[in-house]
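Below you'll find the structure, written out as structure tokens, and then a few comments.
The values are calculated or read from the model by the stated rules, or taken from the named source; none is laboratory data. Computed from a prediction, not measured in an experiment: that's the story for all the values here. Cβ sites come from the backbone with ideal geometry, for glycine too, and all protein chains shown count toward neighbours. Surface accessibility is based on the protein's heavy atoms, side chains included, excluding ligands, DNA and RNA. Shrake-Rupley method; radii C 1.70, N 1.55, O 1.52, S 1.80 Å.
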Amino acid sequence: MSQFSFVFYNTENLYDTIDDPETMDDDFTPEGRMHWTEKKFKKKIFNIAEVLHDIVEPYYPDIIGLVEIENRFVLEQLLLQDSLQLISYGIVHYDSPDERGIDVALIYNKQTFEVLYSEPVKVSLQGVEDRTRDILYVYGKMLDKQIPLHIFVNHWPSRREGTQESEERRFLAAGILRGKVDEIFANDKQANIVIMGDFNDTPANNSVKLVLKAQEPKPPFFDNELYNLMLPRMRKGIGSTYYKGWLLFDQIIVSGNMLQPDNDNGLDCSPQDADVFNPRYLMHFDKRFGFEPNRTTGRKYFGGYSDHLPAFLKLRIRN
């Protein structure tokens, strides 16, 4: 029995140092507010690569979903790091319309997964100022057993203007994603679907629970339903980002067929296989709030990893 793993990580402003006149990236230039130098960029790249190396050790992740990355160049620089050199990774990336120039991307192990199709799924909001990230869709096969797999990488609209004020935008993103999922189920009710992302909502919020219809992962599991593997973690008080308390925004959701113990697709997957990666080096202790993610930036440069913790899923492929 072999392991196959998924990782999702909001890398918090993984920018290069070059000013893009088409986007609002001025803060992350040498002359900008963050004084974003080549030294800081290299440290950021090193930090993210370290996390990806450690998260499912002694193995390497097979599928990595990343958000808050500026462009393909930063992904290429990430894969040049020594800690990731043992694996031949491929990249799936499209430039998104987000005004800050941040995108979503997928990195995959070429020895264990083959990409057959990909596309950016547009999330159209009202007004130019409301441009947001695409949802990345990737279809491919796990090469060990030629198991087909549908993957969605998400970074839904933020809560910057307030949770209630921005909720409708996340409803819209959830509805677009649910529509794509329903299209897949219409063709194959036993489809293997993995949805990962920073939803800027928790598993209990209506965008995830009612619009996307990601349920609690309790048996019996049904083929054409979605189950949120992070919901049990949230109920234990586990979070992936911190704002006036821990919030579990970073989630992994799977289709019911993947959770059925008697499925014929060769996969062994259970809710216990998903978690938040939170080693001590990814945490910062604040005297006022206690432990929170060891972030890179805020109102100033801190030099840490990210303001989010990564989520992961380790499943098994039967021989």
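One residue alone among GLU161, GLU165, GLU99 is within 24 Å of ILE176 (Cβ to Cβ), touching a residue at least 60 places away in the same chain (Cβ under 8 Å) and not hydrophobic (A, V, I, L, M, F, W, C), and that residue is GLU99. Starting from residues that are within 25 Å of the chain's Cα centre (by Cα) and over 17 Å from LEU247 (Cβ atoms), keep the ones in segment 279-299 and report whichever is surrounded by the most Cβ atoms within 10 Å (Cβ to Cβ). Going through the qualifying residues, I end up with THR296. Take the residues in segment 14-27 that are without any contact (Cβ under 8 Å) to a residue 40 or more places away in the chain and open to solvent by less than 80 Å² (accessible area, probe 1.4 Å); name whichever of them is farthest from PHE113 (Cα to Cα). Filtering segment 14-27 for residues that are without any contact (Cβ under 8 Å) to a residue 40 or more places away in the chain and open to solvent by less than 80 Å² (accessible area, probe 1.4 Å), the one farthest from PHE113 (Cα to Cα) comes out as ASP27.
Return yes when PRO232 is assigned to a loop (DSSP other than H, G, I, E, B) and either open to solvent by 20 Å² or more (accessible area, probe 1.4 Å) or touching a Gly at 6+ places or on another chain (Cβ under 7 Å) (or both) and no when it is not. So PRO232 does not fit the description; no.
Results for (1) over 27 Å from GLN251 (Cβ atoms); (2) open to solvent by 20 Å² or more (accessible area, probe 1.4 Å); (3) in a loop (DSSP other than H, G, I, E, B), shown as yes or no for each residue.
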position	(1), (2), (3)
PRO30	yes, yes, yes
PHE41	yes, no, no
VAL51	no, no, no
PRO61	no, no, yes
SER83	no, yes, no
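From LYS141, LYS189, LYS209, which residue is modelled with pLDDT under 95, of a type in the set (Lys, Arg), open to solvent by 50 Å² or more (accessible area, probe 1.4 Å) and within 26 Å of GLN260 (Cβ to Cβ)? Of LYS141, LYS189, LYS209, the one residue that is modelled with pLDDT under 95, of a type in the set (Lys, Arg), open to solvent by 50 Å² or more (accessible area, probe 1.4 Å) and within 26 Å of GLN260 (Cβ to Cβ) is LYS189. Could you tell me whether any residue of segment 85-96 is modelled with pLDDT under 95 and open to solvent by less than 60 Å² (accessible area, probe 1.4 Å)? Looking for residues that are modelled with pLDDT under 95 and open to solvent by less than 60 Å² (accessible area, probe 1.4 Å), one finds at least one in segment 85-96, hence yes. Can you name the number of the only condition in (1) in contact with a Gly (Cβ under 8 Å, 6 or more places away or on another chain); (2) of a type in the set (D, E, K, R); (3) within 26 Å of VAL123 (Cβ to Cβ); (4) open to solvent by 40 Å² or more (accessible area, probe 1.4 Å) that ARG72 fails? For ARG72, the exception is condition (1). When you check ASP264 against the structure, is it part of a loop (DSSP other than H, G, I, E, B) and of a type in the set (Asp, Glu), yes or no? Considered against the rule, which asks whether it is part of a loop (DSSP other than H, G, I, E, B) and of a type in the set (Asp, Glu), ASP264 comes out as yes.
Here ASP223 passes the criteria (1) crowded, with 21+ Cβ neighbours inside 10 Å; (2) over 22 Å from the mean Cα position of the chain (by Cα) except the one numbered (1).
Restricting the first member to segment 169-185 and to residues that are touching a residue at least 12 places away in the same chain (Cβ under 8 Å) and more than 13 Å from ASP134 (Cβ to Cβ), and the second to residues that are assigned to a helix (DSSP H, G or I) and of a type in the set (A, V, I, L, M, F, W, C), the beta-carbon pairs closer than 6 Å and six or more apart or on different chains are PHE171/VAL211; ALA174/VAL211; GLY175/VAL211.
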